[in-house]
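What follows is a short report on a single structure.
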Amino acid sequence: MLEQLIDLMNRLNVNMLNWLPEAASTYAQAIDEVFYIIYIITGLAFLLVTVLMFWFLLQFKARPGRRARYSHGNVALELIWTIVPTLVFLGIFFYSQSTWSIIKYPSEFPESDVQVRVVAKQFAWEFHYPGPDGEFDTDDDKMFDGDLYVPVNKVVGLMLRGSDVIHSFFVPEFRLKQDILPRRDIPAWFNATKTGRFEAPCAELCGPGHSGMKGWVNVYDDAEYQAWVAEQWPPAPVEEAPVDTGAGKTDQEDMPQGDVPLQDDVDQMDPGDSGQADIVE
Amino acid sequence: MSESSVATHAGHHREGFVKHYFFSLDHKMIGRQFLFTGLFMLVIGGLLAMMVRWQLGYPEEPLPFMGGFSEDFWDGESWWAQTAPFGIVTSEFYNTLFTMHATIMIFFVVMPIMVGGFGNFLIPICIGAKDMAFPVLNMLSYWTFVPGVLLMLLSFFVPGGAAGGGWTNYAPLAAVPDYAGVEGHWGVTLWCISLFIIGFSSLMGSINYITTIINMRAPGMTLFRMPLTVWSLFIVAILLLLALPVLTSALAMMVFDRMFGTHFFIPDGGGEPLLWQHLFWFFGHPEVYILVLPAMGVTSDVLAVFARKPIFGYRAMVYSMCAIALLSWVVWGHHMFQSGMDPVLGTAFTLTTMLIAVPSAIKTFNWLGTLWGSSIRFTTPMWFALGFVSLFTIGGLSGIFMASTPVDIFIHDTYYIVAHIHYVVAGIIFGIFAGLYFWFPKMFGRMMSETLGKLHFLFTFVFFNLTFFPMHFLGVGGHMRRIYNPTQYEFLQPWQEMNTFITMMALCLGASQIFFVINFIGSLFWGRRAEDNPWEANTLEWDAPSPPPHGNFLEDPVVYRGAYEYSSPEVEEDWLPQSVYLETAVAGPEGHD
Ligand code: HEM
Ligand SMILES: [Cu+2]
Ligand SMILES: [Cu+2]
């Protein structure tokens, strides 16, 4: 049913939702569906109002000798246009609610396969991995500046942590957006359905470097992801090697090269003032 | 009529220029003062918007007309050379531009014109009173507003520039001066102080409006005979009285955080950033209805007059405004769905938000009902009122998308919101124009040019839609709001042409206002003299001379019926003023509405 309607809208060339970024997470589809339903309902309402209005304007232009109808209203009609919108809006509420709770209620989050901590600061994302021990804040943790690496078709659990001002983690293709508050951990999750490299901008105004604050989500297929993990955390050589080797090393060195989009962008965007390059460190 | 204008003029001379134009106690003059201040700020706010659009359409290219400055100028220390080096908008200045654009349009254009201007001018005269209940308080309300305006404008010139945290100025970005990344911390502080001050101005106004409407209605003017404009302003005054103290306290807390080391909103000292958002939006959502209700009232009145037909469902119109007023207290969380607020609360706020859309729908259908079977005179005010209805329809419908929590995940903080805001809030400007063209004859005693007025409407309506409708598309594409340079994002590259297009349309929209400026100023001095009741309308203000003298009416009006008796079978003409006594009428002053 929905598909036919979308098809019809496409043929009439009135499907503005064609411009949505491709849907690349499990719930992206679900969100788009609600989007479409509301688009159709409001589109019909808009059409109704517009057609009636044009009709009335053409039909009821003042003419000599004709007098307007002396009417103060019509209770039956008014009841109809009170009750029908109420029911429609309630319908939209219930329909929306099921999708919302799946995406955002922590109690309904799926079990995650990969856990990442996202730290937001003016004006960059940092992605922290717990390492093989699965525990954060241990020596095998690793931090990646601006790039998140995840496997496809796996549930990725995010813990969003702020440090300075409010930021918002936005991945358009995943239909994921969640504000990040300083000194708080806010959980979020996604399950990417497509491999590729997706831009992850900050969506909440966070200062002069807000524009250009972004990172990338790299979605790997299983084999690629395993290879990446093996590369980052080479299997420990025999027995109990002292764990702290390399802990002092900066993560920067381990980062895949040639891709520090953030710094570049921030620098280039400022024509005269050096103030903001300082903030970026 | 001529007698009365002689009397007014005599009044002018007796009073003295300064007393008459500056420290007047007359509600009509105070209304005009608010109106002119608001129109002046509209020009400023509009220019800021043009600069915002320029940067988005032509990122980091020098603003137009910058070639005229010499090399020496840009090397110099002047404010402009520092703020926009070589005419290029910096990211700091960009943040200031959109912050101040929104702040000015909301607090210094729509509120002063609608509430201060129309409220003052219309409330007493539409209910048959000679003036406001507290004329001195009324004057004080304007003169409290002025320093607020000056401080806000001054803030552009302090080191670091004016506030740049968005009109919502979320903490901690706005609460901790260092986070702003500019030298000088006065921008946001002055922003807070200025809004703090004009809050008092609005409070004085609202107390006055409420008292006047409750106590000073003419004999026979029951509440349910009041024109909807007065009803809307009455409800707005109540909302202002209850909402503004919340903003005022939040602003005070913000200033304390910034200057005196408190930590209301700063987590490092145990504060809570979301507290600011709750307080701001607890004020902020009633605020958006404070902005829109008067436009709804004006539109209803203008539609009825030029449809020559009673407003459809008068009581439903009143009750739906009351419902909006009540519900507007329990929907603020829809601005915070993605904020980190408990998502379960988000569910509750979606429900209330869906409910508040119902009265808006009722009003739209009632406007249509008013047109049905009418006899429409297509005057300039009518066109603007119709424009408001169609823009509000789009804005109301786009609200439904955002009220749906899952859809809001995607469109929150994108251009979809910007489109919504402008269809509702910038749409209010159509309500303002409808009111201005409609009451101009009463306010200034002269008619405006219909030809220029219609051209103004045509160009404004077309370019408005060409500017703001495509913003929905940007939003669907994921284009964030409040970003300085969209070309920094790969996924937004395909949208740059659209951004440039929108910028061109916005410039045309700005340029179209020249019709209004010429018409307004020209008519003020050279317009045809207006009769007392040029539109053949029913409400009491049209009984008074144009413009009305001190005390408004030549004889005290008595009201015999509701405001919308157009095309009544009781009389031959198609209008029947509220104050006309009919022998044949069944009821006297206490009779039917
Ligand atoms: C039909 C009823 C309406 C509904 C359901 C509605 C819904 C919403 C929602 C859910 C948001 C938050 C979106 C977000 O930030 O993600 C919003 C934002 C906004 N609405 Fe409405 N709205 C309605 C009518 C209005 C009216 C009448 C006005 C003003 C006159 C208005 C002005 C605004 C403004 C200014 C914002 C943006 C605030 C900001 O973030 O800067 N809305 N609306
Ligand atoms: Cu950010
Ligand atoms: Cu709201």
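The values are calculated or read from the model by the stated rules, or taken from the named source; none is laboratory data. This is a predicted model, so every value here is computed, not measured. In this analysis, Cβ positions are derived from the backbone assuming ideal geometry, glycine residues included, and neighbour counts consider all displayed protein chains. The protein model used for the area step is the full one, side chains on, heavy atoms only, and it has no ligands, DNA or RNA in it. Shrake-Rupley method; radii C 1.70, N 1.55, O 1.52, S 1.80 Å.
Burial annotation for the range B:467-503: residues with an accessible-area loss of at least 30 Å² between the isolated chain and the complete set of protein chains, computed on heavy atoms with a 1.4 Å probe, are B:473, B:476, B:480, B:482, B:484, B:488, B:489, B:490, B:491, B:495.
Positive end of the charge dipole of the range B:473-593 (Lys, Arg +1 and Asp, Glu -1 on Cβ, about the Cα centre): tell me which of B:549, B:514, B:477 has its Cα farthest that way. It is B:477, whose Cα lies furthest towards the positive end.
Over the whole of B:56-66, what's the average partner chain Cβ count within 10 Å per residue? Rounded to a whole number, please.
Working: counts 0, 0, 0, 2, 4, 0, 1, 0, 0, 0, 0.
Mean shielding count: 1.
A 1.4 Å probe over all protein chains sorts B:432, B:44 by accessible area into B:44, B:432, starting with the largest. Of interest is the spacing of the C-alpha centroids, which for the range B:326-397 and the range A:185-229 amounts to 36 Å. Structural descriptor for chain B: relative contact order 17 percent, calculated from alpha carbon pairs under 8 angstrom and at least 6 residues apart. Determine the relative contact order of the range B:55-141: mean sequence separation of Cα pairs under 8 Å and six or more apart, normalised by residue count, in whole percent. Computed value for the range B:55-141: 19 percent relative contact order.
Using a probe radius of 1.4 Å on heavy atoms only, what accessible surface per residue do you get for the protein assembly as shown? Whole Å² is fine. Could you put the intermediate results ahead of the total?
Working: 32630 Å² over 874 residues.
I get 37 Å² per residue for this part.
Each residue of the range B:344-349 in turn: what ³J(HN,Hα) in whole Hz from Karplus with 6.51, -1.76, 1.60 and θ = phi - 60°, glycine and Pro shown as x? Couplings: 5, 4, x, 4, 4, 6 Hz.
The angle between the Cα long axis of helix B:228-259 and the longest principal axis of the Cα atoms of chain B comes to about 30 degrees, rounded to the nearest 10. Pairwise Cα separations in chain B fall into 20 Å bins from 0 onward with the following percentages, short to long: 20, 54, 24, 2, 0.
What does the net charge come to around residue B:167 if you take all other residues with beta carbon closer than 13 Å to its beta carbon, with K and R at +1 and D and E at -1? Write down the numbers at each step before the final one.
Numbers: positive: B:481, B:482; negative: B:287.
Charge balance near residue B:167 sits at +1.
Of the residues B:263, A:150, B:500, the one whose Cα sits farthest toward the positive end of the charge dipole of the protein assembly as shown, with +1 on the Cβ of Lys and Arg and -1 on the Cβ of Asp and Glu, is B:500. By a 1.4 Å probe calculation restricted to protein chains, residue A:81 has an accessible surface near 40 Å², given to the nearest 10. Peptides B:320-332, B:146-158, A:68-80 ranked from most to least packed, by the mean per-residue count of other Cβ atoms within 10 Å: B:320-332, B:146-158, A:68-80.
Starting from the residue with the highest accessible area, list B:50, B:402 in decreasing order, probe 1.4 Å. Walk me through the numbers on the way to the answer.
Numbers: B:50 50, B:402 25 Å².
Heavy-atom accessible area, descending, gives B:50, B:402.
Interface of B with A. Using a 1.4 Å probe and counting protein heavy atoms only, the two chains hide about 8400 Å² of accessible surface, both sides summed.
Determine the alpha carbon to alpha carbon distance for each of A:104/A:154; A:61/B:442; A:177/B:363 and list only those over 28 Å. Could you put the intermediate results ahead of the total?
Working: A:104/A:154 17 Å; A:61/B:442 26 Å; A:177/B:363 34 Å.
Flagged as over cut-off: A:177/B:363.
Over all other residues within a Cβ to Cβ distance under 14 Å of residue A:173, the charged ones net out to +1, with Lys and Arg as +1 and Asp and Glu as -1. Counting only protein chain heavy atoms and rolling a 1.4 Å probe, the accessible areas of B:508, A:202 rank, largest first, as B:508, A:202. The magnitude of the dipole of chain B, with charges of +1 and -1 set on the Cβ of Lys/Arg and Asp/Glu and taken from the Cα centre, is near 740 debye.
Under the rule a/c < 1.5 gives rounded, and otherwise a/b versus b/c splits prolate from oblate, where does the range B:312-528 land using the Cα gyration tensor? Cα axes put the range B:312-528 in the oblate bin. Using C-alpha pairs below 8 Å separated by at least 6 residues, the relative contact order for the range A:113-247 is 26 percent.
Computed from the Cα positions only, the extents of the range B:192-295 along the three principal axes stand at 60, 20, 17 Å, in decreasing order. For chain B, the fraction of 1.4 Å probe accessible surface lying on carbon and sulfur atoms is 70 percent. Where does helix B:273-307 land angle-wise versus the long Cα axis of chain B, in degrees 0 to 90, nearest 10? Helix B:273-307 and the main axis of chain B meet at about 40 degrees. Residue A:104 exposes around 20 Å² of accessible area when a 1.4 Å probe is run over every protein chain in place. 3J(HN,Hα) couplings calculated from phi for the range B:410-416 with the Karplus curve 6.51 cos²θ - 1.76 cosθ + 1.60 (θ = phi - 60°) are, in sequence order, 7, 8, 4, 6, 10, 5, 4 Hz; Gly and Pro show x.
Each Lys and Arg contributes +1 and each Asp and Glu -1, all at the Cβ; summed about the Cα centre of the protein assembly as shown, the dipole is approximately 5200 debye. As a check on your grasp of the helix formula, calculate [θ] at 222 nm for chain B: sum -39500 (n - 2.57) over DSSP H runs of n ≥ 4, divide by the residue count, round to the nearest 500. Helix contribution divided over all residues of chain B: -20500 deg cm²/dmol. Distance from the alpha carbon centroid of the range B:75-92 to that of the range B:429-472 works out to 35 angstrom. Peptide A:52-60 has a mean of 5 when you count, residue by residue, the C-beta atoms of other protein chains within 10 Å of its C-beta.
Put simply, the convex hull of the Cα atoms in the protein assembly as shown casts, on average, a shadow of 39.0 nm².
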